[in-house]
Amino acid sequence: MASTVGVIFTSINDEQLPELTRVRSKGSIPYGGRYRLVDFVLSNMVNSGITTVGMLTKNNYQSLMDHLGSGKEWDLARKEGGLILLPPYSDESEVLYKNRLEALKGATAFLKKAKEDFVVLADSDAVYKLDYSKVVEEHVAHNADITMVYHEHDCGGNVSYMMLETEKDGKIKSIDINAVGKGVRKHYINVFVARTSYLLSLLQTAISRGLTSFSKDIILPEIKTGRIYGYKLDGYYGNIDSLEAFYKSNMALLDKGIRQEIFGERDVYTKVNDAPPAKITDTAKVSNSLIHDGCLIEGTVENCILFRNVKVGKGSHLKNCIIMSENAIGENCNLAYVVSDKDSAISNGVTLAGCEQKPYFINKGSRI
């Protein structure tokens, strides 16, 4: 692979999911029983041969730092390169960045020091498998200035996404920001490849002109004057842009085919937490669920994802729920379509129910 440096945005869309980002950045949201959202993009980079990764942080990034540590689990604890946490400031005034362009301005020093020829920019709020080296190879083959990765799907009328229109050879002919309308379209997934020197020149221009929008002030003008290409992501793509999307993407893991696609072939790395095996007693009934280390199940669990060290008391019935680590559910409880954040406790006899479109959410550390 051509020498490539990675930059990951860990907090750029925190406002989309306030329920889970009150106490953490979006990249450190728990997912799938034992992972964090950042694990997927970071594992994609490591599996693509990228060994220098800058993490753009902002608010509530303590849990992210605790999770990433030195980067050992991703083989990024290195003397040169490795995992580098970048400050959340837009410039030397130590003012928190407000948008993607300001965040990149704060990463200018990191990019100037980078010896790699190419840079991959990616958000940490989506679940997918992608070999970024293939994107870089196609970028070089097209002699492109920028390559933007997209996924084709029905966006359901959402108006907060950037949609691409491409020529037959993959060259992007137009971009629709905040697109309106249903139907299958090419949704830009916030993965961007460019030469490091080219990106730095764009940032320098943005700084000198006082530009404020990455999409409107940087990308759109380049469509007319530059060589901007698209790269299609095939397979599963889970965009975590709401509590409903978080719920649906997690529950999709109960589909064996999707689970094998995400976790098969190339590994997804995460922080190692040693815990005893799950214990399922004689009084328990478990079906079509993911049960992780340290759980104690004495009740009925159906179509659920239980993170580490979850306890389910006798006579309790959980259906279509996502229960995060260190939750304790008492006896004779009935929970349906519930998302419970970490370290919560539910007393005996409690009944809680939501629906697929609006799961019942329990804040971290709650007592019910």
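Within region 280-299, not a single residue is open to solvent by 40 Å² or more (accessible area, probe 1.4 Å), free of Cβ contacts under 8 Å to residues at least 40 places away in the same chain, within 30 Å of Tyr188 (Cβ to Cβ) and not in a loop (DSSP other than H, G, I, E, B). Scanning region 94-142 for residues being modelled with pLDDT under 95 and in a helix (DSSP H, G or I) gives a total of 13. For region 171-184, which positions are crowded, with 16+ Cβ neighbours inside 10 Å and either in contact with a His (Cβ under 8 Å, 6 or more places away or on another chain) or under 14 Å from Ile146 (Cβ atoms) (or both)? Scanning region 171-184 gives Ile172, Ile175. Only residues in region 126-152 that are farther than 13 Å from Ile228 by Cα and open to solvent by less than 10 Å² (accessible area, probe 1.4 Å) count as the first member; pair them with residues that are at pLDDT 95 or above and in a helix (DSSP H, G or I), Cβ under 8 angstrom, at least 6 apart or cross-chain, and list the lot. These pairs meet every condition: Ala126/Phe40; Ala126/Val41; Val127/Phe40; Val127/Ser249; Tyr128/Phe40; Tyr128/Asn44; Tyr132/Asn44; Tyr132/Met45.
For Gly257, the criteria (1) assigned to a helix (DSSP H, G or I); (2) of a type in the set (Gly, Ala, Ser); (3) in contact (Cβ under 8 Å) with a residue 24 or more places away in the chain hold in every case but one, which is (3). Take the conditions (1) under 17 Å from Arg36 (Cβ atoms); (2) touching a residue at least 24 places away in the same chain (Cβ under 8 Å); (3) buried (at least 20 other Cβ atoms within 10 Å of the Cβ); Val312 misses just one of them, which is (1). Looking at this structure, is Gly27 in contact with a Leu (Cβ under 7 Å, 6 or more places away or on another chain) and in a helix (DSSP H, G or I)? Considered against the rule, which asks whether it is in contact with a Leu (Cβ under 7 Å, 6 or more places away or on another chain) and in a helix (DSSP H, G or I), Gly27 comes out as yes. Does region 223-239 include one or more residues that are free of Cβ contacts under 8 Å to residues at least 12 places away in the same chain, open to solvent by 50 Å² or more (accessible area, probe 1.4 Å) and assigned to a helix (DSSP H, G or I)? For region 223-239, residues free of Cβ contacts under 8 Å to residues at least 12 places away in the same chain, open to solvent by 50 Å² or more (accessible area, probe 1.4 Å) and assigned to a helix (DSSP H, G or I): present.
Residue by residue, here is whether (1) in contact with a helix residue (DSSP H, G or I) (Cβ under 8 Å, 6 or more places away or on another chain); (2) buried (at least 18 other Cβ atoms within 10 Å of the Cβ) holds:
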position	(1), (2)
Glu19	yes, no
Asn44	yes, yes
Thr51	no, yes
Met55	yes, yes
Ser63	yes, no
Leu76	yes, yes
Pro88	yes, yes
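Evaluated against (1) open to solvent by 30 Å² or more (accessible area, probe 1.4 Å); (2) in contact with an Asp or Glu (Cβ under 8 Å, 6 or more places away or on another chain), Ser25 falls short on exactly one condition, (1). Asp217 fulfils the conditions (1) out of contact with any strand residue (DSSP E or B) (no Cβ under 7 Å at 6 or more places or on another chain); (2) at pLDDT 95 or above except for a single criterion, (2).
The values are calculated or read from the model by the stated rules, or taken from the named source; none is laboratory data. Predicted model only: the values in this text are computed from it and were never measured. Ideal geometry is used to build each Cβ from the backbone, glycine not excepted, and the neighbour counts take in all protein chains shown. What goes into the accessible areas is simple: the full protein's heavy atoms, side chains included, and nothing from ligands, DNA or RNA. Shrake-Rupley method; radii C 1.70, N 1.55, O 1.52, S 1.80 Å.
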